[in-house]
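Notes follow once the structure below has been shown.
The values are calculated or read from the model by the stated rules, or taken from the named source; none is laboratory data. Since this is a predicted model, take the numbers as computed values, not measurements. Don't worry about glycine lacking a Cβ; one is built from the backbone with ideal geometry, like all the others, and counts go over all protein chains shown. To get the accessible areas, we keep the full protein, side chains included, count just its heavy atoms, and leave off ligands, DNA and RNA. Shrake-Rupley method; radii C 1.70, N 1.55, O 1.52, S 1.80 Å.
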Amino acid sequence: MGSVAARAQDTIRIGEINSYKAQPAFLEPYRRGWEMALDEINASGGVLGKKLEVIARDDNGNPGDSVRVAEELMARERVALLFGGFLSNTGLALTDYAKQHRVFFLAAEPLTDKIVWQNGNKYTYRLRPSTSMLVASVVKEAVKLKKKRWAIVYPNYEYGQSAVASFKTLMKQAQPDVEFVAEQAPPLGKIDAGAVTQALADAKPDAIFNALFAADLGKFVREGNTRGLFEQVDVVSLLTGEPEYLDPLKGEAPQNWIVTGYPWYAIHTPEHKKFVEAYRKKFNDYPRNGSLVGYSALMSIAAGLRKAGSTDADRLAAAFSGLKVETPVASIVYRPQDHQSTLGAFVGRTGLKEGRGVMTSFTYIDGAALQLPDAEVKKLRAPD
């Protein structure tokens with residue numbers, strides 16, 4: 001314990017909790033992202049006269065383990081704050097922990113709206129666009145298809161349920177005659193792709209809304225290709241344009257789907273080119289969406305600590321309110337009204353290039369344009 005106390009005097013210790021073993025496709029690049037940010041921050045002198053130190057723990061994709069390792073990081077490792085979280089259920093567990101123990105928590109990745117709405121609290125902020133923001137970013141394109149009969153497929157846990165609820169609400173608002181003719185909700189990581197694709201085909205939809213990701217998405221795409229499911233229907237699909245999930249499909253990647261994702265190969269701003277070049281030099285690899293999230297998360301924390309001038313949770317929470325951060329893809333602000341950042345979404349179509357899936361004709365939609373009106377947010381979120 002003495003050595004921990006001694007190091008704590010020389011460094012700012014930050015706890016990081018994630019599901020590295022359960023979701024390696026996204027989270028290994030994510031880890032590299034915050035590692036690169038850590039090196040850059042410390043090479044430039046650190047924060048508040050101290051180096052940053054990140055102590056990471058695996059939660060096995062289990063909310064109970066998320067809380068257990070949070071307690072261990074706070075009590076034994078004496079970290080000043082927490083960040084991370086991938087799955088929506090583990091993110092909600094850490095959001096509640098932050099509230100109960102008055103610990104600052106930056107939810108880097110978990111998407112459920114509850115983190116900043118129903119379960120939002122003074123000490124929790126979120127970096128990535130929420131489920132409702134991602135859905136809002138594709139609904140405009142979905143409405144343009146002018147399709148009436150929609151089938152839906154999603155992983156049956158908080159993220160998938162939240163995504164589908166948002167999609168149904170926004171589609172009904174924009175296109176009142178829309179019908180939802182089939183719904184498949186396999187357990188996360190346990191999809192029976194043959195049964196799911198057959199059930200969707202039997203419903204004879206005009207279009208499909210998909211929220212599957214990771215291994216479930218790969219199995220669904222391959223089975224759908226085999227059965228010809230996608231030949232006569234349009235598909236709108238969250239997350240599918242992320243390299244983590246598109247690249248493993250190689251030549252089997254879906255074509256002409258409307259997706260959200262991260263087209264790192266076609267973003268040519270100076271800030272993003274600098275990020276990609278540094279990432280390639282450090283890891284001899286290209287960045288994925290997780291890399292961008294991990295990098296931007298730790299850069300946000302460094303900016304928050306500088307503004308707060310302290311590691312005190314109350315001062316850090318106050319500093320994040322309205323905090324501006326430059327990320328490799330956009331300038332973002334952590335909104336005072338709900339603690340959600342304005343990091344936006346890339347929306348485009350999928351295609352094939354040189355035997356691999358890519359996003360084509362994409363646009364970046366600023367997260368500030370994807371928010372609910374403040375009056376509605378106020379109804380959903382209790383006062384801090």
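Here are the numbers for the structure shown:
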item: The lone exception for residue 217 - which of (1) closer than 21 Å to residue 363 by Cβ; (2) assigned to a helix (DSSP H, G or I); (3) open to solvent by less than 20 Å² (accessible area, probe 1.4 Å) it fails; result: (1)
item: Any chance residue 306 is free of Cβ contacts under 8 Å to residues at least 40 places away in the same chain, over 18 Å from residue 155 (Cα atoms) and open to solvent by 40 Å² or more (accessible area, probe 1.4 Å); result: no
item: Any hit, segment 98-116, residues being open to solvent by 30 Å² or more (accessible area, probe 1.4 Å) and of a type in the set (A, V, I, L, M, F, W, C); result: no
item: Residues satisfying the stated conditions in segment 245-277, i.e. farther than 30 Å from residue 204 by Cβ, surrounded by 23 or more Cβ atoms within 10 Å (Cβ to Cβ) and out of contact with any Asp or Glu (no Cβ under 9 Å at 6 or more places or on another chain); result: 275
item: Top-ranked residue of segment 328-371 - restricted to ones that are assigned to a loop (DSSP other than H, G, I, E, B) and of a type in the set (Val, Ile, Thr), ranked as nearest to the chain's Cα centre (by Cα); result: 342
item: Residue among 94, 82, 38 that is buried (at least 18 other Cβ atoms within 10 Å of the Cβ), assigned to a strand (DSSP E or B) and not charged (D, E, K, R); result: 82
item: Residue that is touching a helix residue (DSSP H, G or I) at 6+ places or on another chain (Cβ under 9 Å) and closer than 25 Å to residue 277 by Cβ, where the choices are 311, 342, 360, 350; result: 360
item: Odd one out for residue 224, checked against (1) in a helix (DSSP H, G or I); (2) open to solvent by 30 Å² or more (accessible area, probe 1.4 Å); result: (2)
item: Listing of helices (runs of 4 or more DSSP H) fully contained in segment 240-327 that carry 3 or more residues being touching a strand residue (DSSP E or B) at 6+ places or on another chain (Cβ under 8 Å); result: 243-246, 289-308, 313-320
item: Complete set of residues in segment 309-327 that are open to solvent by 60 Å² or more (accessible area, probe 1.4 Å) and either of a type in the set (S, T, N, Q) or under 20 Å from the mean Cα position of the chain (by Cα) (or both); result: 324, 326
item: Test: residue in segment 141-157 that is in a strand (DSSP E or B), of a type in the set (Gly, Ala, Ser), touching a residue at least 24 places away in the same chain (Cβ under 8 Å) and crowded, with 24+ Cβ neighbours inside 10 Å; result: yes
item: Residue pairs meeting the criteria (Cβ under 8 Å; at least 6 apart or on separate chains; first small (Gly, Ala, Ser), in segment 322-338; second assigned to a strand (DSSP E or B)); result: 322/333; 322/334; 330/364; 331/324; 331/325
item: Every residue from segment 196-214 that is in a helix (DSSP H, G or I) and either β-branched (Val, Ile, Thr) or without any contact (Cβ under 8 Å) to a residue 40 or more places away in the chain (or both); result: 196, 197, 198, 199, 201, 202
item: Pick from segment 6-35, criterion of a type in the set (S, T, N, Q) and at pLDDT 95 or above, ranking: surrounded by the most Cβ atoms within 10 Å (Cβ to Cβ); result: 18
item: Meets criteria (surrounded by 15 or more Cβ atoms within 10 Å (Cβ to Cβ) and farther than 24 Å from residue 248 by Cβ) for residue 292; result: no
item: Subset of segment 183-195 [in contact with a Lys or Arg (Cβ under 9 Å, 6 or more places away or on another chain) and not in a loop (DSSP other than H, G, I, E, B)]; result: 193, 194
item: Any hit, segment 62-72, residues being open to solvent by 10 Å² or more (accessible area, probe 1.4 Å) and either in contact with a Ser or Thr (Cβ under 6 Å, 6 or more places away or on another chain) or closer than 18 Å to residue 294 by Cα (or both); result: yes
